[in-house]
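Since every read-out is calculated from the coordinates, none of them should be taken as a lab result. Worth saying up front: this structure is predicted, and the values here are computed from it rather than measured. Heads up, the Cβs are rebuilt from the backbone with ideal geometry, glycines too, and the neighbour counts pull from every protein chain shown.
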């Protein structure tokens, strides 16, 4: 895909970047992209969080109408 990219093509792309973003803004964009990549790599190395227990204990004496066990209720058969 990038095998046809020559030095003159890269210069033209850099010139367009300078015209669109300005010379002062390009280093800021590069550093923010670099920080984003670092954070992404760091998040991949972190251990995954422990799965949470999504079941809530039944409330005693509240007259709850939620099912607390058995098979789930089917809407259509």
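Quick look at the numbers
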quantity: Exposure proxy order (Cβ contacts within 10 Å, fewest to most) of 25, 42; calculated: 42, 25
quantity: Gain upon complete extension [residue 29, residue 76; 0.36 nm per residue less C-alpha separation]; calculated: 11.5 nm
